[in-house]
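Asks: One structure follows; several queries about it will come next.
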Amino acid sequence: MKKFEKLTSRIVPLPIENIDTDQIIPARFLKATTREGFGDNLFRDWRYDSNGQPKTDFVMNNPTYSGKILVAGKNFGCGSSREHAAWAIQDYGFNVVISSFFADIFKGNALNNGVLPITVPDEFLEKIFDVVFADPNAELTVDLEAQTVTINATGDSFEFEINPYKKSCLINGYDDIDYILSHKEVIEAYEQQR
Amino acid sequence: MGKTLVEKIWDAHVVKRQEGFPDILYIDTHLIHEVTSPQAFDGLRKRGLPVFRPNQTVATADHNVPTLNQHLPIQEELSRYQVDMLTKNCKEFGIELYGLGHPYQGIVHVIGPELGITQPGKTMVCGDSHTSTHGAFGAIAFGIGTSQVEQVFATQCLLQQKPKTMKIEVNGELAKGVGAKDIVLYIISKTTAAGGTGYFVEFAGSAIRSLSMEGRMTVCNMSIEMGARGGLIAPDQTTFDYVHGREFAPKGEDWDKALAYWQTLYSDEDAQFDAVLKFDAADIQPMITYGTNPGMGIGISEAIPATVDQPESERPSYKKALDYMGFRDNETLLGHPVDYVFIGSCTNSRIEDLRAVASFVQGKKKADNVEVWIVPGSKQVEAQAKEEGIDKIFEEAGFMLREPGCSACLGMNEDKIPAGKYCVSTSNRNFEGRQGPNARTMLASPLTAAAAAVSGKIVDVRELLLEEYDVV
């Protein structure tokens, strides 16, 4: 897994609640057997019409907005457990997703792929939206070590929570399998005593 | 202090608990299917690892498979490739596969219970969010991502934070025509689609207890739709009777031993839940959804809530959902025309669902404006339906009984609802485009779906239910 470093970036705002993983990557694009290439179909049905033409009113087709940070309304990533949603977000070029609430499975999938999900209070989320809609060039700085996300223009900063184990995985580029495999004897002993 | 059921099962499966780390949780049974496993098998190959416990892993092909002509090669190239890949991977890693053509093939959450693989007290995972279905037996069962599928392949364990626990009690008697699906749609309409996030939910109370195992599976199946990691119900005689004698259920002395343990699986009187919700079964009417998440549900005779009554920050998303569905504030859905009826999915494709539909439609015909697809959950359900003559009833009614798979629940195969069309669906998700690009899904019970099929519009099934139909 790629190591996560400090990131300063512009923002793609998506102020919609309950964005489910079927919107992030519709089921008909889950037929691939590798992890690559899902970014092309990220938010497919919001991004393209039925003829495959870009919908100009969708934020990702608006050249005014770009960046490595996706900011979305609450309950982001609900629905299906498809990890393809995290792969699509990463493949498109996002390293961070910010919302006021994440669905559990998506959050885990994102962390397992080096995409940092940051939960912020509703008011902080509104502030980010206000700033980016006033100035699309506005930037955020995410510092994983310090666990802070800062709106550079205003200096507003929020200290976010992350599981300390997951934090060290992201910083060091480790994954869970390395950790669990280091306990193989313990697993076998558990099986024996059952 | 006593323990909740979740804590009892969880604690019995903790291989290692270490301060600052999630628990290493042992997984008894790993179910896999063609869509979320190929990248996990690839990961094993890259690491040079075998599947640690292949005999605790069971595979089937369900998400991608056609529901017509399953005896022929899959027409669609990518689907065929993915299903072939599953066959190849299972062979290479020594995993039992109930693939197309096998008498046990079916939707992964239908075959686990019917084969007796699903048992009380187990930990079960699958790369599918509706794994919560198996919680109906008093198991800890939840959906995982593909990286976690790889973890379980490699170690038979998962790194997991112990979840918070919530108890949802539904007490009292259900009205005629109101069933398990209505209970769970009602609960989600109250909690919202995010209200259970971070929790494992134990469903309890007399209305839950009165449900059959299949009804309980419907309820637990949709616990993910309120955001919960999983849902479960304490096992009781109904559970034990269901499991007994099934293919992979314990036999003889093993059965007695297992049963003695299963009888200890309940939340202690003094157990503390992090949250408790209580509902009255008498308040529940047949439910239907009007929006684009499962929390957007109403009683069939109720009006769609007005946009102005939503929290201000949520109004744009709410309006977007109503616009997508072509519905307006304060509209009631009774009488609204329907184009498609889909009866199937891991929520409602079991034999009792098909029996309920058959008993309602017997002697009736589908409305001319509706196309009706019935997709059984498994080959065994399909065979049972044929044995009971249910297929004939459907045929006479003009319903199409297809072959097993996930089908139009998520439209990964050819079974898609066309753009703009209204589908009353017994599945679990009404997300935008879920059943096909721009398809409009209204979630409901099998009975409400059957009533829509014969009426050609949304109707209150209670008004059509004559005394002679003893269905719930």
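Every read-out reported here was derived from the displayed coordinates using simple, explicitly stated rules and does not represent laboratory data. Everything numeric here is computed off the predicted structure, so don't read it as measured data. Cβ sites come from the backbone with ideal geometry, for glycine too, and all protein chains shown count toward neighbours.
Asks: Where the centre of each part is set by its Cα atoms, how far does the range B:315-371 sit from the range B:426-440, in angstrom?
Replies: A separation of 11 Å, based on Cα centres.
Asks: Measuring from the lowest to the highest alpha carbon on each principal axis, how far does the range A:87-152 reach, largest first, in angstroms?
Replies: Largest first, the range A:87-152 extends 32, 23, 22 Å along its Cα principal axes.
Asks: Using the number of other C-beta atoms within 10 angstrom as an exposure proxy, rank B:30, B:130, A:183, B:109 with the fewest first. Write down the numbers at each step before the final one.
Replies: Values: B:30 27, B:130 30, A:183 17, B:109 33.
With the sparsest Cβ surroundings first, the list reads A:183, B:30, B:130, B:109.
Asks: Let me ask you something else. Which value, in nm² and rounded to one decimal, describes the direction-averaged projected area of the C-alpha convex hull of the range B:35-160?
Replies: Working: hull surface 30.7 nm².
Taking a quarter of the hull surface, the average projection is 7.7 nm².
Asks: Follow-up. Within 10 Å, at most 11 other Cβ atoms, and a DSSP state outside H, G, I, E, B define an exposed site. Report the longest part of chain A free of exposed GluC sites (Glu not before Pro).
Replies: On the way: sites that count: A:36, A:145, A:161.
Between the exposed loop sites, the longest stretch runs A:37-144.
Asks: Rounded to whole Å and sorted largest first, what semi-axes of the equivalent ellipsoid does the C-alpha gyration tensor of the range B:114-233 yield via the square root of 5 times each eigenvalue?
Replies: After scaling each eigenvalue by five and taking roots: 26, 16, 11 Å.
Asks: When DSSP beta bridges are limited to those with both residues in chain A, what percentage is antiparallel, rounded to the nearest 5?
Replies: Numbers: 12 of 25 bridges.
Of the beta bridges lying entirely in chain A, close to 50 percent run antiparallel.
Asks: Which cross-chain or sequence-distant (5 or more) residues have an amide H under 5 Å from the amide H of residue B:23, H modelled 1.01 Å from N in plane?
Replies: Sorted by chain and number, the residues that satisfy this are B:160, B:161, B:162.
Asks: Something else now. How far is the Cα center of the range B:121-171 from the Cα center of the range B:12-91, in Å?
Replies: That distance is 15 Å.
Asks: Okay, next question. Based on other C-beta atoms within 10 Å, arrange A:25, B:140 from fewest to most. Let's see the in-between values first.
Replies: Details: A:25 25, B:140 28.
The order, fewest Cβ neighbours first, is A:25, B:140.
Asks: Hand me the GluC sites (Glu not before Pro) from the range B:147-256 located in a DSSP loop with no more than 14 other Cβ atoms within 10 Å, in residue order please. Could you put the intermediate results ahead of the total?
Replies: Numbers: sites: B:150, B:169, B:173, B:202, B:214, B:225, B:247, B:253; in loops: B:173, B:247.
Within the range B:147-256, the qualifying GluC sites (Glu not before Pro) (loop, at most 14 other Cβ atoms within 10 Å) are B:173, B:247.
Asks: Write down the Å³ per residue value for the convex hull defined by the alpha carbon atoms of chain A. Intermediate results must be reported in sequence, preceding the final value.
Replies: Details: hull volume 26.1 nm³, N = 194.
Value for chain A: 135 Å³ per residue.
Asks: Continuing with this model, one more query. If you keep only loop residues by DSSP, which GluC sites (Glu not before Pro) in the range B:285-378 have at most 15 other Cβ atoms within 10 Å of their Cβ?
Replies: Values: sites: B:302, B:312, B:314, B:331, B:352, B:371; in loops: B:302, B:331.
Those satisfying the criteria are B:331.
Asks: Something else about it: By counting other Cβ atoms within 10 Å of each Cβ, how are B:400, B:222, B:213, B:166 ranked from fewest to most?
Replies: On the way: B:400 14, B:222 28, B:213 21, B:166 25.
Lowest to highest Cβ neighbour count: B:400, B:213, B:166, B:222.
Asks: Additional query: Can you pull the three principal axis extents for the Cα set of the range B:10-108, in Å, largest first?
Replies: 53, 28, 22
Asks: Continuing with this model, one more query. In debye, nearest 20: dipole of the protein assembly as shown around its Cα centre with unit charges on the Cβ of K, R (+) and D, E (-)?
Replies: Numbers: 64 positive and 90 negative charges, 213 e Å.
Here the size comes out at about 1020 debye.
Asks: Still on this structure: Run the numbers on the range B:168-306 and let me know its relative contact order in percent, using alpha-carbon pairs under 8 Å that are six or more apart. Please list the in-between numbers first.
Replies: Numbers: 215 pairs, mean separation 51.5, N = 139.
Computed over the range B:168-306, the figure is 37 percent.
Asks: Pull up the cross-link candidates among the lysines for residue B:319, meaning alpha carbon to alpha carbon under 23 Å and not fewer than 8 places away within one chain.
Replies: A:55, A:74, A:127, B:190, B:421
Asks: Continuing with the same structure: Counting only residues 5 or more places away or on other chains, whose amide H sits under 5 Å from the amide H of residue B:456 once H atoms are built in the peptide plane?
Replies: The list, which skips near neighbours in sequence, is B:367.
Asks: Could you pull out the pairs from A:107/B:416; A:107/B:164; A:2/A:68; B:366/B:392; A:166/B:3 whose alpha carbons sit more than 23 Å apart here?
Replies: From A:107/B:416; A:107/B:164; A:2/A:68; B:366/B:392; A:166/B:3, over 23 Å: A:107/B:416; A:166/B:3.
Asks: Once Lys and Arg get +1 and Asp and Glu get -1 on their Cβ, which of A:27, A:186, A:124 lies farthest toward the positive end of the dipole of chain A?
Replies: Working it through, the farthest residue towards the positive pole turns out to be A:27.
Asks: Determine the distance separating the Cα centre of the range A:29-94 from the Cα centre of the range A:134-194; give it in Å without decimals.
Replies: Here the two parts' Cα centres lie 23 Å apart.
Asks: Please identify the trypsin sites (Lys or Arg not before Pro) of the range B:337-418 that satisfy two criteria: DSSP loop assignment and at most 16 other Cβ atoms within 10 Å. Which are they? Provide the component values of the computation, followed by the final result.
Replies: On the way: sites: B:350, B:355, B:364, B:365, B:366, B:379, B:386, B:392, B:402, B:416; in loops: B:350, B:364, B:365, B:366, B:402, B:416.
Answer by residue number: B:365.
Asks: Which of the helices in chain B meet the span-like rule: DSSP H, Cα axial reach of 18 Å or more, Kyte-Doolittle mean at least 0.5? List each step's numbers first, then the result.
Replies: Numbers: long enough: B:77-93 (24 Å, -0.80).
Going by DSSP H runs, there are no hits.
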